[in-house]
Amino acid sequence: MAQEIKKTTTKAKIVETKVTKTKVSKIKEAVTKAVSPVIKTPKVEITTPNVAKYLNKNLMISPRKLRLLANNIRKMTPVEALGRLKFTNTKAARIMIKALQNVIADAKNNFNLDTNSLKFDLLKVDEALKIKRMDKSHGSRFARGLIQKRHSRLVIHVKGIQK
């Protein structure tokens, strides 16, 4: 008897689901017929720009010195920034030149991006590890004789259009 009851309940569920599916399809048809002037929007191809990335986690220069330079070149294109940096005589400029050459070559060769269409998507300079050591000759005059060698982390994302 228990088996007979289970069979009848499953049949009832199947009937209910068929009814609800037909009701939903009829409602959809009615809604589409009610909206007679259908406005067709033109298909627009959205091209997402490809992004080439550069990351160096351990640069032996303080973040403050590198940020001074990064803030100046952030508004330029990477190719223009590379031209400007070649005439800047600082350690930060030499580090940034190598990084920009690397990311431009990566975008050109690996992502097939046009070098003239490149723009900075992200140019970020953060703190990396610090090397701390004691110098007793300074005593307690400043920072209890601790000398900190600061390091930087440089992240560059460049986006552009494919050739």
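Quick note: the coordinates plus some simple rules give every number you see, no bench work behind them. Remember, it's a predicted structure, so these values are computed and weren't measured experimentally. Here Cβ is always computed from backbone atoms with ideal geometry, including for glycine, and neighbour counts include all displayed protein chains.
Which net charge results for the neighbourhood of N50, defined as the other residues with beta-carbon distances under 13 angstrom from its beta-carbon, given Lys and Arg at +1 and Asp and Glu at -1?
For residues surrounding N50, the net value is +2.
By count of other Cβ within 10 Å, fewest leading, how are T88, T77 ordered?
Details: T88 14, T77 17.
Starting with the residue having the fewest Cβ neighbours, the order is T88, T77.
Return the Rg/Rh value of the range 59-113, two decimal places, where both radii are evaluated on C-alpha atoms and Rh is the Kirkwood radius.
Working: Rg = 11.6 Å, Rh = 11.7 Å.
Using only Cα positions, Rg/Rh for the range 59-113 is 0.99.
Report the dimensions of the range 50-160 along its three principal axes from the alpha-carbon atoms, largest first, rounded to Å.
Principal extents (Cα only, largest first): 56, 25, 17 Å.
With each label point set 7 Å from Cα along the Cα-Cβ vector, what nm distance links E127 and N72?
2.5 nm
Can you list the HN-Hα couplings for the range 151-163, worked out from phi with the Karplus curve (6.51, -1.76, 1.60; θ = phi - 60°), rounded to whole Hz and with x for Gly and Pro?
10, 10, 10, 10, 10, 10, 10, 10, 10, x, 9, 5, 5
Taking 30 Å as the cut-off for C-alpha to C-alpha distance, list the pairs among K119/K149; K124/K149; K91/K163; K57/K108 that go past it. Kindly include the intermediate steps, with their values, before the conclusion.
Values: K119/K149 32 Å; K124/K149 20 Å; K91/K163 34 Å; K57/K108 23 Å.
As for pairs spanning more than 30 Å Cα to Cα, those are K119/K149; K91/K163.
Using a simple spin-label model with points 7 Å from Cα along the Cα→Cβ vector, what separation in nm is obtained for D114 and R84?
If labels sit at D114 and R84, their model points lie 2.3 nm apart.
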